[in-house]
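The values are calculated or read from the model by the stated rules, or taken from the named source; none is laboratory data. Since we're looking at a predicted model, the values are computed, not measured. Counting neighbours? That spans all protein chains shown, and the Cβs are built from the backbone with ideal geometry, glycine included.
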Amino acid sequence: MQTLNSQFKATANKMPEQIALVINETRIEYGRLLEAILRLASGLKSLGVRKGDRVAVMLPNVPHFIISYYSILELGAVVVPINIMFKEKDIAYQLSDSGAKIFITWSGFISHVLPAVQASPSVKETLFLGDQIPRGTKSLTQIIAASRPFQEQVELGADDLGVINYTSGVADVPLGAELTHAAISANATTCREMYLITSQEKILAVLPLFHPLGQTLLMHTPFLAGATIVLLPRFSIENIVKSILENKVTFMAGVPGIYQSLDEANVDWTGSVLKYCMSYGGKLSEDILHSFEEKSNAIVLKAYGLTEAGPIVSANRVHRDRKYQAVGLPVMGTEINIRNHQGELLRPNHSGEIWVHSPSIMRGYYNHPKETEKRLQDGWLFTGDIGYLDDEHYLYIQERKEDIILKDGFEIFPHEIEEILKQHHAISEVAVVGIPDATHGTEIKVYIVLKENEKASEEELFQLCRGDLPLYKCPKNFEFCSELPKSPTGRILKRVLRNNASASRAGNTAEKEKSN
């Protein structure tokens, strides 16, 4: 099996005139894209990047994300993608934890990036994309323009580390999942075959490329096939529809909220050639799925995965029966078990923890061997998610990890929000849980016990979170209560809170329907 960068070069050399990227009115051929990648690889080498070094990339969905990503791989270095919504604390943590030597980012993030870099001694150089280049840093575009294409051959194998994708939800701090070239390539190859991706396809990259799904499905997979990627740097329903229609997009992947918004929008789908869509990262209701399909004439295929698995584990197929409540069948080369707390295999239609065995599974968590031991055993990954397989081996997800909130495909640590809210002088106790939400799959809800004779408004609590967290982690649903349910040992019972929230939601809906 080849490395990711050698696979891309094979495609680019085979069809150099084929359009690789589309962004607004700009078209970039595979040949030109390869030249830019090789130029930046040469520039990064001149900055001291060598095989095994970690290089962090914090860029939106623009060509330079892809150029940076593949130039790093060309040197045998390791890509560390960083969420573009992060602020200095989260950026600094991932830079320091990964030991990133170089940081490639955008000038629009300067206010958060510069303090993060100052707190990260491993970072030797920071490269900015954009016109505003702070003193002491370098221009990404100037480095590309001034460098000659990289000509050397770095000894690199499929089992070498290619990417460290950070994931939350498995420990008190985010952990970096180590993925080899072979692991990512296996998942991308499966996606190409499963979704029938050819060189004729145009893939809409609306999901962020820093996300593991964006990298595997919306970048590596199209490049394997010689397809065209239509980049969408700024999210809006209007931009999505415009890109689909004007660029003749044939495939897109999105979270449930995107499909709901597209379904609710007054879209004229005349002229659309959209064939297949993939829904990932939350529950897409059957009603919305059918309605969207009827209006757009596209087929929506649900899928399930996680960062540690490359990321896709199961998916509905193009030429197989769909079960609308299921997230499909195991992808090629992947085995799924459902096991109880003792690790014993369960029969079909019995709920338990989902275990996965796949060539796409991570090598481990970077610099966290104890956490790796908790999740990997004899090549099996313990997902921590609860579900079951039916008699035909279709997978059904019943519940995400006990307390982790999955919103629009992103995992959110409740304790992150809780620790910030606890700083408020009026708060005695706080618990953050996820509640069902039609738009985001899951929304954040906060239960608060105030100190005696103290007051706090929802707006000031929201603003408190907004100061330290990206917007998608900031809660808008607050409930003030006199006490929180607890176990005999004093542990807050978040399951009870979630159940109460669901019951209250159902009661309100029933009362509303009754009054109508």
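Can you give me the number of residues within the stretch 176-222 that are assigned to a loop (DSSP other than H, G, I, E, B) and within 15 Å of the chain's Cα centre (by Cα)? Spell out the reasoning first.
Of all residues in the stretch 176-222, those assigned to a loop (DSSP other than H, G, I, E, B) come to 195-201, 206-211.
Cutting the leftovers down to within 15 Å of the chain's Cα centre (by Cα) gives us 206-211.
Result for the stretch 176-222: 6.
Which pairs turn up if I take residues in the stretch 26-50 that are in the same structural domain as F65 (by TED's automatic domain parsing) and over 22 Å from G136 (Cβ atoms) and look for partners that are surrounded by 21 or more Cβ atoms within 10 Å (Cβ to Cβ) and at pLDDT below 95 with beta carbon separation below 8 Å, at least 6 apart in sequence or on another chain?
none
So the check is Cβ under 6 Å with 6+ separation or different chains; which pairs have a first residue in the stretch 200-216 that's touching a residue at least 24 places away in the same chain (Cβ under 8 Å) and closer than 16 Å to L4 by Cβ and a second one that's crowded, with 24+ Cβ neighbours inside 10 Å and of a type in the set (D, E, K, R)?
none
Taking the stretch 233-272 on its own, how many of its residues are within 26 Å of P63 (Cβ to Cβ) and surrounded by fewer than 22 Cβ atoms within 10 Å (Cβ to Cβ)?
15
Where in the stretch 1-102 are there helices (runs of 4 or more DSSP H), lying fully within it, with 3 or more residues that are at pLDDT 95 or above and of a type in the set (F, W, Y)? Let's see the steps before the verdict.
Numbers: elements: 4-14, 30-46, 63-74, 88-98.
Where helices (runs of 4 or more DSSP H) fall fully within the stretch 1-102 and carry at least 3 residues being at pLDDT 95 or above and of a type in the set (F, W, Y), they are 63-74.
Give the stretch 97-107 a look and list any residue that's under 19 Å from P233 (Cα atoms) and over 21 Å from the mean Cα position of the chain (by Cα), or say none.
Across the stretch 97-107, the qualifying residue is only S107.
Please go through (1) in contact with a helix residue (DSSP H, G or I) (Cβ under 9 Å, 6 or more places away or on another chain); (2) outside any strand (DSSP E or B); (3) not small (G, A, S) for K370 and return the number of the only condition it doesn't satisfy.
(1)
Got a sec? Which of I427, I435 is farther than 19 Å from N499 by Cβ and not basic (K, R)? Before the answer, list the steps.
On the way: I435 fails: farther than 19 Å from N499 by Cβ.
Of the residues listed, the single one that is farther than 19 Å from N499 by Cβ and not basic (K, R) is I427.
Find all pairs meeting these conditions: Cβ atoms under 7 angstrom apart; at least six residues apart or on different chains; first residue within the stretch 407-420 and within 21 Å of N165 (Cα to Cα); second residue aromatic (F, W, Y).
Partner pairs satisfying both residue conditions: K407/Y472; D408/Y472; G409/Y280; F410/Y472.
Could you tell me which numbered condition I386 fails, if it satisfies all but one of (1) at pLDDT 90 or above; (2) aliphatic (A, V, I, L, M); (3) over 21 Å from L179 (Cα atoms)?
Here I386 clears every test but (1).
If a residue must be under 20 Å from I197 (Cβ atoms), over 19 Å from the mean Cα position of the chain (by Cα) and touching a residue at least 60 places away in the same chain (Cβ under 8 Å), how many such residues does the stretch 231-266 contain?
Of the residues in that region, 1 qualify.
When you scan the stretch 371-387, do you find a residue that is surrounded by fewer than 17 Cβ atoms within 10 Å (Cβ to Cβ) and among the polar types (S, T, N, Q), even just one?
Yes, the conditions are met somewhere in the stretch 371-387.
Looking at P81, P60, can you tell me which residue is surrounded by 24 or more Cβ atoms within 10 Å (Cβ to Cβ), closer than 22 Å to H220 by Cβ and in contact (Cβ under 8 Å) with a residue 60 or more places away in the chain?
P81
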